[in-house]
Each structure stands twice: as structure tokens, then as C-alpha cells.
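A short worksheet on the structure shown next.
The values are calculated or read from the model by the stated rules, or taken from the named source; none is laboratory data. Keep in mind that what you see is a predicted model, and the values were worked out from it rather than measured. Don't worry about glycine lacking a Cβ; one is built from the backbone with ideal geometry, like all the others, and counts go over all protein chains shown.
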Amino acid sequence: MKNRLKVLRAERDWTQAWLAAELDVSRQTINAIETGKYDPSLPLAFKIAQLFNLRIEEIFEAPAASKGE
């Protein structure tokens, strides 16, 4: 899933380690989310949005629906 997490984090001068600690996840989890290798759970996505004071849709891009759905 595409997201703006890395850009938003950099704008605030937050490290991956700091963000991970705030969200109670590993730094590797933050890296995996930023690189699109891991999609956060809905509760984690809400925590991320709340921390950034944004809506989930402002951080994460919903995947495009495939044909036939």
C-alpha cells in the first residue's frame, strides 16, 4: 500500500526509532511500512493518523480495485 509516512516523518524531523517507540512497534516495522513491504493493521493505521493529526486517507492510499470486483 502506498503511503506518505516517510515524507510526513521527515517533515517533522522524527526518526524511525522515535516513531516506532511512540507507536509501540519496532523500527523495522516502520521501515517496512514506509517501503510498502508491510501494510499496517487498521488499529495501527489509526494510531499513526492520530499521532500525525491527520486522517488515514491523508497518509495511506487505498489500493486500486482490480477488475471484476
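Can you find a residue in segment 10-29 that is in contact with a strand residue (DSSP E or B) (Cβ under 9 Å, 6 or more places away or on another chain) and part of a helix (DSSP H, G or I)? No, every residue in segment 10-29 fails to be in contact with a strand residue (DSSP E or B) (Cβ under 9 Å, 6 or more places away or on another chain) and part of a helix (DSSP H, G or I). Among residues of segment 35-60 that are within 10 Å of L5 (Cβ to Cβ), those with a beta-carbon under 6 Å from a residue that is assigned to a loop (DSSP other than H, G, I, E, B) and at pLDDT 95 or above at least six positions away or on a different chain give the pairs I59/R4.
Looking only at residues in segment 34-47 that are touching a helix residue (DSSP H, G or I) at 6+ places or on another chain (Cβ under 6 Å) and in a helix (DSSP H, G or I), which one is surrounded by the most Cβ atoms within 10 Å (Cβ to Cβ)? Show your work before the answer.
Filtering segment 34-47 for residues touching a helix residue (DSSP H, G or I) at 6+ places or on another chain (Cβ under 6 Å) gives 34, 38, 40, 45, 47.
Checking which are in a helix (DSSP H, G or I) leaves us with 34, 45, 47.
Working: E34: 19, A45: 17, K47: 16.
So, considering only residues that are touching a helix residue (DSSP H, G or I) at 6+ places or on another chain (Cβ under 6 Å) and in a helix (DSSP H, G or I), the one surrounded by the most Cβ atoms within 10 Å (Cβ to Cβ) is E34.
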